[in-house]
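Visitor: Handing you this structure, nothing more for now.
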Amino acid sequence: MIYFLINLAGAVALLLWAVRLIRTGVERAFMASLRQFLRRTAGTRISAMAAGTGAAMLLQSSTAVAILTAGFAASGTLAAVSGVALVLGADLGSSIVAQILLSPIHVLVPALLVIGVTLFLKSKARRPRQAGRIFVGLALVLLSLGLIGEATAPLRDSELVDAVLTRLGSDLVSAFVLGALLTWAMHSSIAAVLMFVTFAGQGLLPGTGAAAMVLGANLGGAIIPVMLTLSADPIPRRIMVSNFVLRGGGAALVLIGLMAFPHALDFLGATTARQVINLHLVFNLGVAILSLPLIPAVLRLAGAVVVERKDLSPTRITALDQKGLGDPGHALGNAARELLRMGEQVLEMLQPALGLFVHWDPEVAARIKRNENEVDRMHYEIKLYVARLNETRLSTEQSRRAMEIAMVANHLEDAGDQISTNLVDLAQRIHERGLTFSEEGRRELTDFHDRVTSNTRLALNVLMSGEIDDARQLVEEKDRTRAAEADLQAAHLARLRANNSASIETTNIHQETVRALKQINTDVTYVAYPILEQAGDLRATRLTG
């Protein structure tokens with residue numbers, strides 16, 4: 001039994017890692033384009049659902065698309081109705097991915113490995129290299145499913161296992177709850193569904209039990225984004241709660257139907273595995289289509305449950321423990337933790353800033369100003385803490401690290417100033433003068449703001465992990481942002497030459513907004529330079545080949 005558990009755990013771990021490998025490759029190679037695609041195609045419920053389906057198929061994760069949706073909604077660039085449709089589409093996309101991965105394509109594993117490894121090891125350009133990562137991930141998913149089948153094969157002769165699994169076939173509520181719990185634990189509905197269907201294909205799970213577990217996986221998959229956005233603004237939380245009501249409630253209703261008509265599975269395929277995986281696809285397709293007209297009503301219901309949190313302004317607990325100054329290593333860790341919190345505060349300011357240009361909200365503007373005061377205070381305290389630390393005996397490496405922390409704090413403080421002083425003031429000027437950007441100008445600024453926000457999140461990851469690959473990607477993104485800024489300015493000038501009245505009225509504000517966003521991007525990118533310099537990956541201020 002121990003040997004079986006080790007083999008099964010290893011196979012499931014490989015499956016989870018392979019799914020993550022694919023998602024990482026897509027994020028590193030295509031995330032900027034994908035974010036732009038999602039935002040631009042989410043204008044109507046149908047187009048948003050279609051966009052979510054495609055995005056989930058690329059990212060191999062409906063949860064990842066849900067988190068992107070939460071970010072768009074928090075920044076004011078996505079309507080709540082479109083957000084729910086987008087997440088429902090992502091649920092459908094993940095079910096299509098499961099269908100593809102369970103089709104007879106295992107013969108492609110050697111070719112996928114050869115192509116993937118070759119691209120990853122030989123390519124210098126980012127996208128071909130990450131495409132190699134995606135191919136390897138696909139191959140490993142297929143291999144892991146085979147390993148799960150091999151690991152579970154001996155269980156078919158076990159009377160104890162047969163009794164337990166047969167019980168799941170008769171107690172569908174327990175199977176449903178177990179499926180939801182396992183999906184939550186794995187944090188991947190795709191991986192959970194693939195595992196359940198593989199069990200069914202091996203004859204370990206009866207059809208009704210496997211179907212109930214797959215329905216439970218849909219409930220668990222709807223819970224994950226709700227939990228991940230608990231600390232978010234009300235609109236993203238309402239979107240996730242609405243998805244939970246529609247997807248999770250739909251799963252419960254279908255479970256009741258399955259308990260009443262268990263033979264209905266016979267219409268979905270000739271084998272148990274095919275019936276179960278087809279149920280997963282039909283269920284998500286049905287939920288997506290039937291839910292579209294219900295979204296506004298469900299959002300109103302979610303609005304009654306998810307309310308605006310009152311700002312109680314609790315006393316903030318600082319990481320800058322003065323008693324830790326006697327231990328330089330411990331003190332530097334304290335300063336790094338406080339620096340990360342400072343960066344998170346900057347991101348919290350940046351995310352809703354552009355929404356003020358479209359819909360001026362005095363409460364949001366006031367919150368950004370309060371956050372700026374907090375960023376200024378953290379900056380002052382970090383500098384003072386590092387200065388006191390420098391009065392102690394530090395090694396050369398510790399002294400260098402202390403200087404890096406102080407410099408990064410300076411840049412984050414400047415980013416906060418750019419948001420609070422420039423972006424908010426520019427948005428207020430737009431509001432007070434009754435101006436609006438041209439449609440093209442607004443779309444370009446939204447894309448540029450989203451790019452800078454995405455780079456800020458990446459900078460926080462670099463700050464936390466110190467990963468060289470992420471640091472390199474951040475500096476590469478800075479170059480792409482510089483090129484995007486040049487294109488944006490050229491497009492704006494072209495509209496001025498064409499006598500676009502909205503562009504003429506807002507030209508100064510438009511260009512000042514671009515400059516402020518570019519400076520914020522420069523500030524947050526600085527976190528990568530000390531890491532790359534230490535690794536010898538910088539030539540002056542540029543990446544080495």
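The values are calculated or read from the model by the stated rules, or taken from the named source; none is laboratory data. Everything numeric in this text was worked out from a predicted model, so none of it was measured. Counting neighbours? That spans all protein chains shown, and the Cβs are built from the backbone with ideal geometry, glycine included. Each accessible area value is taken on the protein alone, full model and side chains, heavy atoms only, with ligands, DNA and RNA left out. Shrake-Rupley method; radii C 1.70, N 1.55, O 1.52, S 1.80 Å.
Visitor: Show me 482-489, 494-501, 373-380 ranked by packing, highest mean number of other Cβ atoms within 10 Å first.
Guide: Per-residue mean Cβ counts within 10 Å order the peptides as 373-380, 482-489, 494-501.
Visitor: Mind checking which aspartates and glutamates have their C-alpha under 19 Å from Lys124, skipping anything on the same chain fewer than 8 residues away?
Guide: Glu27, Glu467, Asp469, Asp470, Glu476, Glu477, Asp479, Asp537
Visitor: Helix-only estimate, please: 222 nm mean residue ellipticity of the chain, summing -39500 (n - 2.57) across DSSP H runs of length 4 or more and dividing by its residues, to the nearest 500.
Guide: My calculation for the chain gives -26000 deg cm²/dmol from helical runs alone.
Visitor: Also, I was wondering about something else. If I take every Cα pair under 8 Å that is 6 or more residues apart in the chain, average their sequence separation and divide by the length, what percent do I get for the relative contact order?
Guide: Relative contact order here is 13 percent.
Visitor: Of Gly76, Leu204, Gly93, whose Cα points farthest to the positive end of the dipole of the chain (charges on the beta-carbon: +1 Lys, Arg; -1 Asp, Glu; origin at the Cα centre)?
Guide: So the residue we want is Gly93.
Visitor: Still on this structure, I have one more. Per the Kirkwood definition applied to all pairs of different Cα atoms, how many angstroms is the hydrodynamic radius of the chain?
Guide: Answer for the chain: a Kirkwood hydrodynamic radius of 25.5 Å.
Visitor: Shifting gears a bit: Putting +1 on Lys and Arg Cβ atoms and -1 on Asp and Glu Cβ atoms, find which of Ala288, Ser501, Met349 reaches farthest to the positive end of the dipole of the chain.
Guide: Comparing the listed Cα positions along the dipole, Ser501 ranks first.
Visitor: Based on DSSP H assignment, which helices of the chain show an axial Cα extent of at least 30 Å together with a mean Kyte-Doolittle hydropathy greater than or equal to -1.0?
Guide: Span-like helices, by this rule, are 2-41, 80-101, 126-152, 207-228, 328-350, 362-389, 396-417, 439-465, 468-497.
Visitor: What part of the accessible area of the chain, given as a whole %, is carbon or sulfur when the probe is 1.4 angstrom?
Guide: The nonpolar share, carbon plus sulfur, comes to 61 percent.
Visitor: If packing is taken as the mean number of other Cβ atoms within 10 Å per residue, what is the order of 278-285, 474-481, highest first?
Guide: Sorting 278-285, 474-481 by mean packing, highest first, produces 278-285, 474-481.
Visitor: Which one, Gly52, His106, Gly25, is farthest towards the positive end of the dipole of the range 1-133 when Lys and Arg carry +1 and Asp and Glu -1 on their Cβ?
Guide: The listed residue farthest towards the positive side: Gly25.
Visitor: May I ask you to order 402-409, 72-79 by the average number of other C-beta atoms within 10 Å around their residues, highest value first?
Guide: Those peptides, ordered most packed to least, come out 72-79, 402-409.
Visitor: Follow-up. Heavy-atom accessible area per residue, the chain, 1.4 Å probe: how many Å²?
Guide: On a per-residue basis, the chain sits at 45 Å².
Visitor: From a point 7 Å beyond the Cα of Asn373 in the direction of its Cβ, which residues of the range 410-430 have a backbone N at a distance under 16 Å?
Guide: 417, 420-421
Visitor: Between the range 19-85 and the range 371-419, what is the separation of their alpha carbon centroids in Å?
Guide: That distance is 35 Å.
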